[in-house]
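Step one of this worksheet: look at the structure below.
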Amino acid sequence: HLFWPPNVMRLVENLRGAMTSKETVASAMELGKRMGKVAVLVGNCDGFVGNRMLHGYLREASFLVEEGALPQQVDKVVYDFGLAMGPFTMSDMAGLDVGWRIRKRQLKEQGPTNERYSGTVSDRICELGRYGQKTGAGYYRYEKGDRTPRPDPEVEKLILEVAKEKGIRRREIADEEILKRCMYALVNEGARILEEGI
């Protein structure tokens, strides 16, 4: 499993199934090295390791936006902390339609739950045909030939509408809260993955 964009991202997850031979594992790890990647051997679970960890991180980022932050604030806090980009810039780069398809599949498989749903804003953005950089608009808008994310008043309006529909009273959210909620989501999911032996 290569990460997006594969020509830049060095990590590759090699998944070991219940019947995977030692020879296959060795070959996959060697191939990763030959490709100039950092190959890691992981077990199999929904989203594998990297995307499973990102799920909780993106979930918290989405909740923060519903509760009072804007995508550009969340992205700046995470970027200033040291990540290459924030969750919304990353989502726009990867393509919002990918996450949308996954959420629809999970809802169909799992059915309704009591858990707070985090995909409402992203779903609405996708329903408008805004899939990120590839369509020139997602959480941000993009000028032709330029990947610079530009805040979009249409998205801000959509965020306010979703919060109102959900009965969420928006508030000012401090950068420290954004950082803690996003990073703790990553750390906690990583700990669960280790506990499960994945």
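Close contacts from the range 88-100, counting a first residue that is farther than 14 Å from residue 148 by Cα and a second that is of a type in the set (Gly, Ala, Ser) and part of a helix (DSSP H, G or I), with Cβ to Cβ under 8 Å and a gap of 6+ residues or different chains, come to 96/122; 99/91; 99/122; 100/122. With the checklist (1) farther than 25 Å from residue 166 by Cβ; (2) among the small types (Gly, Ala, Ser); (3) within 24 Å of the chain's Cα centre (by Cα) in hand, flag the one item residue 26 doesn't pass. The failed condition is (3).
Can you spot a residue in the range 142-151 that is under 20 Å from the mean Cα position of the chain (by Cα), surrounded by 14 or more Cβ atoms within 10 Å (Cβ to Cβ), modelled with pLDDT of 95 or more and among the hydroxyl-bearing types (Ser, Thr, Tyr)? Within the range 142-151 (the criterion being under 20 Å from the mean Cα position of the chain (by Cα), surrounded by 14 or more Cβ atoms within 10 Å (Cβ to Cβ), modelled with pLDDT of 95 or more and among the hydroxyl-bearing types (Ser, Thr, Tyr)), the answer is yes, since at least one residue qualifies. Restricting attention to the range 91-118, the residues that are assigned to a helix (DSSP H, G or I) and surrounded by fewer than 13 Cβ atoms within 10 Å (Cβ to Cβ) add up to 5. Within the range 122-135, the only residue that satisfies the criterion of being without any contact (Cβ under 8 Å) to a residue 12 or more places away in the chain and either of a type in the set (Asp, Glu) or in contact with a Lys or Arg (Cβ under 7 Å, 6 or more places away or on another chain) (or both) is 127. Name the residues in the range 159-198 that are hydrophobic (A, V, I, L, M, F, W, C) and either more than 13 Å from residue 67 (Cα to Cα) or open to solvent by 80 Å² or more (accessible area, probe 1.4 Å) (or both), would you? Residues satisfying the conditions are 160, 179, 182, 183, 185, 186, 187, 191, 193, 194, 198.
The values are calculated or read from the model by the stated rules, or taken from the named source; none is laboratory data. Remember, predicted model here, so these are calculated numbers, not experimental data. Please note: Cβ atoms are built from the backbone with ideal geometry, for glycine as well, and neighbour counts cover all protein chains shown. In case anyone asks, the SASA skips ligands and DNA or RNA and just uses the protein heavy atoms, side chains included. Shrake-Rupley method; radii C 1.70, N 1.55, O 1.52, S 1.80 Å.
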